[in-house]
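Asker: If you scroll down you'll find the structure; I have some questions about it.
The values are calculated or read from the model by the stated rules, or taken from the named source; none is laboratory data. Keep in mind that what you see is a predicted model, and the values were worked out from it rather than measured. Positions of Cβ are generated from backbone atoms using ideal geometry, with glycine treated the same way; all protein chains shown enter the neighbour counts.
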Amino acid sequence: MRLLTVLRTPMGVVASIILVLVLLTAIVAPLLWNDAAEARNTANLNSGPSAEHPLGTDVLGRDLLLRTLVATRLTVLLALGATGVALGLGILFGAAPVLLGHRAGRLAVSAVNIAVAFPGLLLALVLALILGVGELSAMWAIGIAGAPSFARLCQTLVASVAERDYIAAARLAGKSRFRILLRHVLPNIAEPLIVNATIAAGAALLAFAGLSFLGLGVQSPSYDWGRMMMEGLDRIYLNPIAALAPGVAVVIAGLAFNLMGEALARSLSTPRIPVAWGMRPRRPYPQKAEERGDGEPADHLAGPGHADSSEPAGPAAYPEAVLTLRDLRVSLPGHLGCLTPVRGISLRIAPGEAVGIVGESGSGKSLTALAAAQLVEEPLAVRAATLKFCGADLMLRPQSTRDRSRYQRLLGRSLAVVFQDPMTSFNPTMRIGAQLVEGMRFHDGVERSWAQARAVDRLGAVGIEEPERRAAMYPHEFSGGMRQRAMIAMGLMGDPQLIIADEPTTALDVTVQKQVLELLDEVRSASSVALMLISHDIAVVRQVCDRIAVMYGGRIVEELPADRLAEQAQHPYTRALIAAVPDMNTDLDEPLATIPGRPVDLSQRSAGCPFAPRCPLATQRCHEQDPALIPAGDSGGAHRVACWHPVVDAGRAALAEADRSAGEPASAEGSELS
Amino acid sequence: MTELRIEKLTVRYGRGPSVHTAADEVSLTVPASQTLGLVGESGSGKSTVARAAAGLVSADSGTIKLGGKPLPRRGLRPVQMIFQDPRSSLDPRMSIGESIAECLPSRFSRSARRSEISRLLDMVHLDPTRRGARPPELSGGQLQRVAIARVLAARPAVVVADEITSALDVSVQGAVLNLVRELQTELGLSLLFISHNLAVVRYVASQVAVMRTGRILEAGPADQVFHRPQHSYTRQLLDAVPDTLRSTP
Amino acid sequence: MQNRWTAFALRRGTRLIISLWVLVSAAFLMIHLVPGDPVRAMLGPTAAPALVDQTRENLGLNDPLWEQYLRFLRGLFTGDLGTSITMGLPVSEVLAARLPNTLTLGLLGFVLAICLALPVGATIAVATRKGRRRGLELSFASTSVVVATIPDFLLGVALVAIFGVTLELLPVAWTGGAESYVLPVIALAAGPAAVLSRIVRVELLSTLDEDFVRTARAKRLSSRRIVLRHALPNAVTAALTLGGLMLGTLVASTVLVENVFAWPGLGSTVVGAILGRDYPLVQAIVLVYGTGVLLVNTLVDVVLALLDPRSTIGDQ
Ligand SMILES: Nc1ncnc2c1ncn2[C@@H]1O[C@H](COP(=O)(O)OP(=O)(O)O)[C@@H](O)[C@H]1O
Ligand code: SF4
Ligand SMILES: [Mg+2]
């Protein structure tokens, strides 16, 4: 069971030990000392600590230590009872939307919303008045008072599971609502519920102590810690221990539950709601921890990969490139070794040039872009033989703060970055205009009105209508395409030399995608800004770029002028990628070409060509030696490929294609399972 | 197989001033043993039509008839659906075998279930011995195959496939599309295939409908829609498709 | 624009009114839900039947229910809340004398909690980001759990024992002077401050991982500006949503703390009133507490709406 992993953390061990001790005391103490705790020592009323009574005695001369220990059972039982009431009612109301359908469900949600706003204490007071003071009415009161927040928690958890498609699939399979609740919903929300119930038990314990302390909970002759504290408070001048000892017991028991909840939440990474009786999860519960490869010792991955120090290709004619990367590496140090998602990228981008980077997800495109833009954050680490932008060597650590701010200013003004998801890339609480002018005002200290005018001008330049009005709007009032335009406008505020666009159109519709690509192209030709365009879609990249770099397993496997892509691509992966994408001319009578196997798993890389396990042309050599990225025969350096057996002549190409379709379709991807 | 006929389907979300008409008098027919492709941008209402066709959302007006009869409201549904995100469409706490078993008609005996699950996994080119695997152990492409196997388990009259390749990498997309085409012809499935990608739809569908802001703008044989589009929006969509990559033969 | 705010005000206003109505009705029904005879329960089994009848008459319990309900509502609007049975004074007078003391105590505690939690939570978040300074993170996590676990009244008793009884630095109970506020306000604020600072930390951490923070970094702003201008406002909205709920806890705390420090507020009154079954007084105090919490929750929503323009669109 996953819950037991908690025992592997120090906090979990501490919490478990305390919890076990508390529970043991609750079971054992009343059996052993019940009578002794009631024994009155009339010679010794209200005494302070002594050898006979380590904590002193109470008004009737009873031993306080024994009474504190014996009271554990009642205190813990009442707390657990109240938690049970809260949890039961909470699940009942929380599951209402699933069980009763939409309309009744909405009613339950509103009821909970209103109930959650009332302080639980009021309810406890009201119930104490109605039912009379006593431990049972206090238990119900605390339970009921905790129920709304549990219901809210359940509702949120249930809602996040209910919108999952497997619930819809179960409905299509004809399963009843009750069965869906039991089979699919509850198992998937059990973990956060357990975590929060543990924390809630701690909170209930404290709440109960409070009520008893006020005299509204446990009534004499029964006693719990809260009641003992109340009795002790009267004599705080005589024996402060009498009030504090049961208080310490409350804290220890409360800690046992709270620490346990905290430790559970940490090891399960569950959102927890620390508010005593106000629980509300922050976000939907993440379905399952990342299923990243379980991290074998992976030291060898950090290895040289390939000493690829050859000069990056690209028109050698220009004197100074906008961006020069040589042997760029991004690695992720971990306790089991070091993963290296980017392993030696060399690339040069000339002023005004558009270079595309394509590859499947996980091939390292985004990390390359972030590293080039100096936006990689810990724990990822960037290394490179050269990383130059506009002549500035970014691998040099700036010495002075002045140097530092000069670098920052250069990057802020001249390097524009456009991210994939326009929905989340703007600050939702700031107006678009303010976000546009911010960088410029920060770096150049220009006047607000001037900057504002420029922002409006830039918004107009990227084709946003009524730019003045739009600048005063918030991001959520923009459509996706417009936001991406605004993002590009933001990059144009300064004096951009390079735009790095990471999947800028992936989240957009085809027609909008076309417009945004055209805009990028326009911007580039109008102001001769260089462009680094990243996409998983090779067709998108080819539309806009002069040169294309194909990435696989953290390396560039082929780099070639865009116009050579269709006919002269030499790397088997590039060719397979081209063949696998259906387009408007695909032959409908043939099955689509596919690439067998699964994409590289970083934690399982071995020596040799990363594509070897999926490559139809792989030989022994491919499995043993990693090919270097070297100029392809006839291209004069503009075309580079990393492959032992590049597909050069048409004959080989045809052979490879035929080979691939012959194995189709049965063995294609299925073979990876056997 | 059976024909699915959707007539004047209207679905609204929300109430009062914030009401939103996601499907507006949509009429569509999925002919028996054929594939109808439905294209349109995100938010155009494709998924709403899909969910209504499967009986997952209730229509505000209009009728959905399967072989001339209304859709049944309980029991194993004759219209089954494959979803976009395979990670979300399989319960992470159930083995893939259990997920498939959930859709098997009740007439199967215990032992028959076992062999049927094997047969289905084999049909989608997955190793039957992996029936005990849980979804997190499988790749996206493999999960989508499991989802297809589960749908086939239900012996559906019609299958609705909603953007089933958009969450997959291109290298895997081809294999799933091949499988869909193969099964469609082999089993004579009636298929409602939804995608925003025109090239993908072109590859699997014989009939095509174009949707925008809740309405069907144009529908007809794939050849006609793609080569002689009637509606300006269809032309716009076709224009936006990136040029072909391969040299034309 | 205009429209959205009207819709928001309408929605939020409706919810407030419904909640108030639920509160008022619950307070009214309280007395009628007592099993058996509420007056007998109040006066005890030995009271003379004549006295019981007299009291019932005084409380108006012999009238039809709807008449009592109307009278109760009318009383609310005219400020006539009946007479306290245990104190023999008009309830409104009791409230007028004691509410201000509770209010100052609660507000001071609330303000102190927020003033502690925001900077502490934010600083810890920035310092422990991306798994840095694990030691600091662990000690913060454990300390805040421990502080949050110490019940406010126990903290109060401990503070009294140390600073009042042993060191004799500060008064052990209410004196009316400013120095008598120190201990109760600390006792009141410590727990909520611990809880709130954890929330602030978690929220700020998750905000710092958002895409728009990366956008801000791409503008090469200073990290100070990124945290203060971009991350914090977004984190605070989430923290406020949760923090609003803590108010209920804080109200409960004032009751306990008032009892520890013999504070002449509503909290020390209500316990006696419940034990003495002083129905009119309990009713009134429940109404005051409930209304206070509802109003502050509404206020929190309004502040949220001002901070985050999105939250006016959809509720929940
Ligand atoms: N912040 C990160 N921490 C750990 N691993 C990461 C991080 N970002 C990316 N990776 C890993 O690096 C690899 C490359 O990621 P990415 O550059 O995003 O690829 P792509 O853009 O091609 O999808 C992936 O395996 C991914 O899991
Ligand atoms: S080096 Fe070998 S395995 Fe790698 S792509 Fe070339 S032929 Fe295939
Ligand atoms: Mg990416």
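Asker: Among the listed residues A:LEU531, A:LEU508, A:LEU517, which satisfies the condition of being away from chain B (no Cβ under 13 Å), within 23 Å of A:SER363 (Cβ to Cβ) and either among the aliphatic types (A, V, I, L, M) or within 16 Å of ligand 1 (Cβ to nearest atom) (or both)? Give the derivation first.
Answerer: Values: A:LEU508 fails: away from chain B (no Cβ under 13 Å); A:LEU517 fails: away from chain B (no Cβ under 13 Å).
After ruling out the rest, the residue left standing is A:LEU531.
Asker: Another question about this same structure. Since C:ALA189 meets every condition but one in (1) more than 20 Å from A:ALA207 (Cβ to Cβ); (2) more than 13 Å from chain A (Cβ to nearest Cβ); (3) aliphatic (A, V, I, L, M), which condition does it not meet?
Answerer: It is condition (1) that C:ALA189 fails.
Asker: While we're on this one: Taking the range C:152-181, which residues are more than 18 Å from A:ASP234 (Cβ to Cβ), in contact with a helix residue (DSSP H, G or I) (Cβ under 8 Å, 6 or more places away or on another chain) and of a type in the set (A, V, I, L, M)?
Answerer: Selection gives C:LEU155, C:LEU169, C:LEU170.
Asker: Select the helices (runs of 4 or more DSSP H) contained entirely in the range A:164-236, then report the ones holding at least 2 residues which are closer than 22 Å to A:ALA37 by Cα and not hydrophobic (A, V, I, L, M, F, W, C).
Answerer: On the way: elements: A:165-172, A:177-180, A:186-214, A:225-233.
Here the list reads A:225-233.
Asker: Going by the conditions given, is A:THR368 assigned to a strand (DSSP E or B) and either more than 11 Å from ligand 1 (Cβ to nearest atom) or polar (S, T, N, Q) (or both)? Outline the logic, then answer.
Answerer: Numbers: assigned to a strand (DSSP E or B): no; either more than 11 Å from ligand 1 (Cβ to nearest atom) or polar (S, T, N, Q) (or both): yes.
Answer is no for this residue.
Asker: Select from the range C:201-223 the residues that are within 33 Å of the chain's Cα centre (by Cα) and either at pLDDT below 85 or assigned to a helix (DSSP H, G or I) (or both) and list them in ascending order. First the steps, then the outcome.
Answerer: From the range C:201-223, those within 33 Å of the chain's Cα centre (by Cα) are C:201-210; that's our starting set.
Selection gives C:ARG201, C:VAL202, C:GLU203, C:LEU204, C:LEU205, C:SER206, C:THR207, C:LEU208.
Asker: In the range B:123-135, is there at least one residue being touching a residue at least 40 places away in the same chain (Cβ under 8 Å), closer than 26 Å to A:ALA579 by Cα and either in contact with a Phe, Trp or Tyr (Cβ under 9 Å, 6 or more places away or on another chain) or in a helix (DSSP H, G or I) (or both)? So that I can check it myself, show each step before the final result.
Answerer: Step one: filter the range B:123-135 for residues touching a residue at least 40 places away in the same chain (Cβ under 8 Å), giving B:123-125, B:134-135.
Applying the additional criterion that residues be closer than 26 Å to A:ALA579 by Cα yields B:123-125.
Next cut, either in contact with a Phe, Trp or Tyr (Cβ under 9 Å, 6 or more places away or on another chain) or in a helix (DSSP H, G or I) (or both) only: B:123.
So far as the range B:123-135 goes, yes, one or more of its residues are touching a residue at least 40 places away in the same chain (Cβ under 8 Å), closer than 26 Å to A:ALA579 by Cα and either in contact with a Phe, Trp or Tyr (Cβ under 9 Å, 6 or more places away or on another chain) or in a helix (DSSP H, G or I) (or both).
Asker: Residues of the range B:148-175 being in contact with a helix residue (DSSP H, G or I) (Cβ under 7 Å, 6 or more places away or on another chain), at the interface with chain A (Cβ under 8 Å from one of its Cβ atoms) and within 16 Å of A:ALA168 (Cα to Cα), which ones?
Answerer: Listed by number, the list holds a single entry, B:ARG150.
Asker: Something else now. Can you name the condition, by its number, that A:ARG177 falls short on among (1) within 14 Å of chain B (Cβ to nearest Cβ); (2) modelled with pLDDT of 90 or more?
Answerer: (2)
Asker: Turning to a different aspect of this structure: Hey, among A:ASP495, A:ASP457, A:ASP421, A:ASP444, which residue is charged (D, E, K, R) and within 16 Å of ligand 1 (Cβ to nearest atom)?
Answerer: On the way: A:ASP495 fails: within 16 Å of ligand 1 (Cβ to nearest atom); A:ASP457 fails: within 16 Å of ligand 1 (Cβ to nearest atom); A:ASP444 fails: within 16 Å of ligand 1 (Cβ to nearest atom).
Residue meeting the stated conditions: A:ASP421.
Asker: Any chance the range B:189-196 includes a residue that's within 12 Å of chain A (Cβ to nearest Cβ) and not basic (Lys, Arg)?
Answerer: So in the range B:189-196, the residues within 12 Å of chain A (Cβ to nearest Cβ) come out as B:195-196.
Then drop every residue that is not not basic (Lys, Arg), which leaves B:195-196.
Checked against the condition, which is being within 12 Å of chain A (Cβ to nearest Cβ) and not basic (Lys, Arg), the range B:189-196 yields at least one hit.
Asker: Please state which one of A:GLY608, A:GLY597 is in contact with an Asp or Glu (Cβ under 6 Å, 6 or more places away or on another chain), surrounded by fewer than 20 Cβ atoms within 10 Å (Cβ to Cβ) and either in a strand (DSSP E or B) or facing chain B (nearest Cβ under 10 Å) (or both).
Answerer: Numbers: A:GLY608 fails: either in a strand (DSSP E or B) or facing chain B (nearest Cβ under 10 Å) (or both).
Matching residue, one of A:GLY608, A:GLY597: A:GLY597.
Asker: Please find, within the range A:632-652, the residue that is farthest from ligand 3 (Cβ to nearest atom) out of those that are modelled with pLDDT under 90, not hydroxyl-bearing (Ser, Thr, Tyr) and not in a loop (DSSP other than H, G, I, E, B).
Answerer: This residue is A:GLY651.
Asker: Condition test on C:ASN101, is it in contact with a Pro (Cβ under 6 Å, 6 or more places away or on another chain), more than 14 Å from chain A (Cβ to nearest Cβ) and part of a helix (DSSP H, G or I)? Even if it seems obvious, please write down each step before you answer.
Answerer: Values: in contact with a Pro (Cβ under 6 Å, 6 or more places away or on another chain): yes; more than 14 Å from chain A (Cβ to nearest Cβ): yes; part of a helix (DSSP H, G or I): yes.
So C:ASN101 passes the test.
Asker: For the range C:3-86, list the helices (runs of 4 or more DSSP H) that sit wholly inside it and hold at least 2 residues that are within 14 Å of chain A (Cβ to nearest Cβ) and modelled with pLDDT under 85; which are they? Spell out how you get there, then give the answer.
Answerer: On the way: elements: C:38-43, C:49-59, C:65-78.
Output list reads C:38-43.
Asker: Quick one: which of A:SER366, A:SER400 is loosely packed, with under 15 Cβ neighbours inside 10 Å and of a type in the set (Ser, Thr, Tyr)? Step through it out loud before you land on a result.
Answerer: On the way: A:SER366 fails: loosely packed, with under 15 Cβ neighbours inside 10 Å.
The unique qualifying residue is A:SER400.
Asker: Here is a further query. Within the range A:347-361, work out how many residues are over 18 Å from A:SER535 (Cα atoms) and small (Gly, Ala, Ser).
Answerer: The number of residues fulfilling the criteria is 2.
Asker: Looking only at strands (runs of 3 or more DSSP E) that fall completely inside the range B:182-249, which ones have 1 or more residues that are free of Cβ contacts under 8 Å to residues at least 24 places away in the same chain, under 22 Å from B:GLY43 (Cα atoms) and more than 15 Å from the chain's Cα centre (by Cα)?
Answerer: On the way: elements: B:190-195, B:207-212, B:215-221.
Strands (runs of 3 or more DSSP E) meeting the threshold: B:215-221.
Asker: Still on this model: Restricting to the range A:73-120, give me the number of residues that are among the basic types (Lys, Arg) and touching a residue at least 24 places away in the same chain (Cβ under 8 Å).
Answerer: If we filter the range A:73-120 for residues that are among the basic types (Lys, Arg), which is where we start, we get A:73, A:103, A:106.
Subset that is touching a residue at least 24 places away in the same chain (Cβ under 8 Å): A:73.
So the answer is 1.
Asker: While we're on this one: Somewhere in the range A:408-430, is a residue under 22 Å from A:ALA354 (Cβ atoms), surrounded by 18 or more Cβ atoms within 10 Å (Cβ to Cβ) and of a type in the set (Phe, Trp, Tyr)?
Answerer: The answer is yes, given that some residue of the range A:408-430 is under 22 Å from A:ALA354 (Cβ atoms), surrounded by 18 or more Cβ atoms within 10 Å (Cβ to Cβ) and of a type in the set (Phe, Trp, Tyr).
Asker: Any chance you could count how many residues in the range B:162-181 are on the phi > 0 side of the Ramachandran plot and either in a helix (DSSP H, G or I) or touching a Lys or Arg at 6+ places or on another chain (Cβ under 7 Å) (or both)? Walk me through it before giving the result.
Answerer: Narrowing the range B:162-181 to residues on the phi > 0 side of the Ramachandran plot: B:163.
Applying the additional criterion that residues be either in a helix (DSSP H, G or I) or touching a Lys or Arg at 6+ places or on another chain (Cβ under 7 Å) (or both) yields none.
Qualifying residue count, the range B:162-181: 0.
Asker: Could you please find all residues in the range B:109-121 being at pLDDT below 90 and in a helix (DSSP H, G or I)?
Answerer: B:ARG110, B:SER111
Asker: Could I ask something else about it? Applying the selection to the range C:92-117, what residues are in contact with a Ser or Thr (Cβ under 8 Å, 6 or more places away or on another chain) and closer than 17 Å to C:GLY244 by Cβ?
Answerer: Narrowing the range C:92-117 to residues in contact with a Ser or Thr (Cβ under 8 Å, 6 or more places away or on another chain): C:94, C:98, C:102, C:105-106, C:109, C:116-117.
Passing the criteria: C:GLY106, C:GLY109, C:ALA117.
Asker: Inspect all residues belonging to the range A:83-96 and state whether any of them is within 14 Å of chain C (Cβ to nearest Cβ) and of a type in the set (S, T, N, Q).
Answerer: No: zero hits.
Asker: Also, I was wondering about something else. So which residues in the range A:128-168 are closer than 22 Å to C:PHE28 by Cα and buried (at least 23 other Cβ atoms within 10 Å of the Cβ), if there are any at all?
Answerer: As a first pass, look at the range A:128-168 and keep what is closer than 22 Å to C:PHE28 by Cα: A:128-133, A:137-138, A:140-142, A:144-145, A:148.
Correct list: A:ALA128, A:LEU129, A:ALA138, A:ALA141, A:ILE142, A:ALA145, A:PRO148.
Asker: Give the range C:147-170 a look and list any residue that's of a type in the set (A, V, I, L, M, F, W, C), within 11 Å of chain A (Cβ to nearest Cβ) and without any contact (Cβ under 8 Å) to a residue 24 or more places away in the chain, or say none.
Answerer: Selection gives C:LEU154, C:ALA158, C:ALA161, C:ILE162, C:VAL165.
Asker: State which residue pairs qualify: first residue under 26 Å from C:ALA141 (Cβ atoms) and part of a helix (DSSP H, G or I) and inside the range A:15-35, second residue modelled with pLDDT of 90 or more and among the aromatic types (Phe, Trp, Tyr) in any location, beta carbons under 6 Å apart, and separation of 6 or more residues or different chains.
Answerer: Listed by first residue and then by second, the contacts come to nothing, as the list is empty.
Asker: Give me the pairs: first residue in the range C:266-289 and more than 7 Å from chain A (Cβ to nearest Cβ), second residue surrounded by fewer than 23 Cβ atoms within 10 Å (Cβ to Cβ) and hydroxyl-bearing (Ser, Thr, Tyr), beta-carbon distance under 6 Å, and six or more apart or on different chains, which are they?
Answerer: Correct list of pairs: C:GLY276/C:THR86; C:ASP278/C:THR86.
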